[in-house]
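Have a look at the structure below before the remarks.
Nothing in this text is a laboratory measurement; each read-out follows from the coordinates by a stated rule. Being a predicted model, the structure only gives us computed values, none of them experimental. Quick reminder, even Gly has a Cβ in these numbers, built from the backbone with ideal geometry, and neighbours come from all protein chains shown.
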Amino acid sequence: MRSALCALGAAAALVLLPAAHARAEGQEPDRDFTIEDPRITESSGLAASRAHPGIYWTHNDQDAPLIYGVDSRTGKTVATLTMAGVGTPRDMEAIAVGPDGDIYVGDIGDNRDGTWDHVWIYRFPEPKTLKDQTVKARQYVVKYADGARNAEALMVHPKTGRVYIASKNQKGGGLYAGPEHLSSSGTNVFRRVDDVPWVTDGAFSPDGDRLVLRGYFSAEEYAWKDGRLADQGTPIAAPFQGQAESVTYTTDGSAFMFGSEGKNSRVVRVDRTSGGPSEEPTRTPGGTPKPPAQATPADGEKGNVTTGFLVLAGATVLVVGVKRLLRKG
């Protein structure tokens with residue numbers, strides 16, 4: 001059943017992806033690319049390497065402690081990292097690089113919506129060389145101040161190093177801040193600091209002034225100030241993807257990179273245009289932010305996008321429904 005639904009999502013994605021986003025692959029780093037590694041079938045997180053330009057770290061939504069470094073110029077895996085010193089992961093959902101160059105992995109998913117009283121974060125230094133190797137990781141126990149919940153987004157602020165988690169809920173989730181410094185000897189309590197929509201991943205901009213959050217059908221970029229969301233968010237012209245699971249910034253902050261689950265999944269670059277989220281949103285007379293104009297598909301594609309959106313919406317409803325049945329089973 002799950003394979004059939006994934007195939008349906010992938011087919012919908014082919015209909016949905018606007019040609020305006022398509023770019024030549026294999027010419028330069030930080031452009032559209034296809035993940036070619038047959039082992040990577042459920043890419044659930046994406047993080048741009050700080051030490052190796054053009055390399056993106058990802059991992060499967062699975063129980064193996066493996067992290068893959070993929071070259072955006074070729075789509076090929078150039079390093080497979082095996083985390084040592086941690087237990088068996090349950091549901092790895094997110095990855096980020098901190099200001100100290102460490103890689104953070106969020107084993108924070110809970111498909112049973114809050115049945116696990118704790119989740120984990122793993123952390124290890126980004127390797128200086130790209131090769132298959134074992135890395136020693138630290139493991140942190142995480143609990144939420146207001147009770148267990150499901151989450152798929154973990155973000156590390158590039159200036160303060162503070163870790164944030166966005167929970168996932170059909171009626172909207174919460175943004176949770178961890179302690180100033182994570183402790184590997186005790187429990188790290190994350191406290192709710194804001195409300196967020198349905199979120200499957202998120203990332204801070206390299207300068208730490210912005211936060212992008214994505215869901216299955218949409219993405220928004222928020223101004224960030226004093227450890228909180230500083231505005232109501234600006235929509236981003238994100239691509240429609242079968243199982244939209246990941247997002248990150250390029251290392252220069254000039255664009256977003258959107259990824260999804262599935263075999264041979266595609267990572268799509270979306271530039272931050274001069275009329276995009278970097279500008280201060282204008283406000284209507286009533287005080288509601290009016291987002292700047294965003295890129296739209298070419299006229300000839302509008303019908304395909306509308307039709308494809310309906311197909312993808314149906315596929316996602318089925319996915320959510322099946323997951324509920326599996327939880328009950």
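Taking the number of other C-beta atoms within 10 Å as the exposure measure, put Thr134, Thr251 in order starting with the fewest.
Numbers: Thr134 13, Thr251 16.
Result, fewest neighbours first: Thr134, Thr251.
Which far-off residues, 5 or more places away or on another chain, put their amide H under 5 Å from the one on Asp110, with H placed in the peptide plane?
Ala151
When a footprinting reagent is the concern and you count Cβ atoms within 10 Å, what order do His181, His157 take, fewest first?
Working: His181 9, His157 18.
Listed from fewest to most nearby Cβ atoms, that is His181, His157.
Which aspartates and glutamates, on any chain, are close to Lys136 with Cα under 19 Å apart, when same-chain ones fewer than 8 places away are left out?
Partners found: Asp63, Asp100, Asp102, Asp107, Glu126.
Explain nothing, just the number: relative contact order of the range 19-281, from Cα pairs under 8 Å at least 6 residues apart, as a whole percent. Could you put the intermediate results ahead of the total?
On the way: 764 pairs, mean separation 44.9, N = 263.
Once normalised by length, the contact order is 17 percent.
Length gain on complete extension for the stretch Thr115 to Lys159, per 0.36 nm per residue less the alpha carbon to alpha carbon distance? Intermediate values should be presented prior to the final figure.
Values: separation 44, 0.36 × 44 = 15.84 nm, distance 3.34 nm.
Length gained, Thr115 through Lys159: 12.5 nm.
Which ordering of Glu36, Glu221, Glu28, Glu93 is given by a fewest-first count of other beta-carbon atoms within 10 Å?
On the way: Glu36 15, Glu221 24, Glu28 11, Glu93 28.
The fewest-first ordering by Cβ neighbours comes to Glu28, Glu36, Glu221, Glu93.
Normalising by the residue count of the range 45-199, find the relative contact order in percent from Cα pairs under 8 Å and 6+ residues apart.
Details: 421 pairs, mean separation 26.8, N = 155.
About 17 percent, as a whole number.
With 27 Å as the limit, write out which pairs from Lys76/Lys159; Lys131/Lys263; Lys143/Lys168; Lys168/Lys225; Lys128/Lys159; Lys76/Lys171 have Cα-Cα distances beyond it, or answer none.
Working: Lys76/Lys159 31 Å; Lys131/Lys263 23 Å; Lys143/Lys168 15 Å; Lys168/Lys225 23 Å; Lys128/Lys159 21 Å; Lys76/Lys171 38 Å.
Long pairs (Cα-Cα over 27 Å): Lys76/Lys159; Lys76/Lys171.
Taking 0.36 nm per residue of sequence separation and subtracting the Cα-Cα distance, how much length would be gained by fully extending the chain between Gln133 and Gln62, in nm to one decimal?
Residue separation times 0.36 nm, minus the Cα-Cα distance, leaves 23.6 nm.
Tally Lys/Arg at +1 and Asp/Glu at -1 over every other residue whose Cβ is under 14 Å from the Cβ of Lys131; what's the total? Intermediate results must be reported in sequence, preceding the final value.
Numbers: positive: Lys76, Lys128; negative: Asp71, Glu126, Asp132.
Net of charged neighbours comes to -1.
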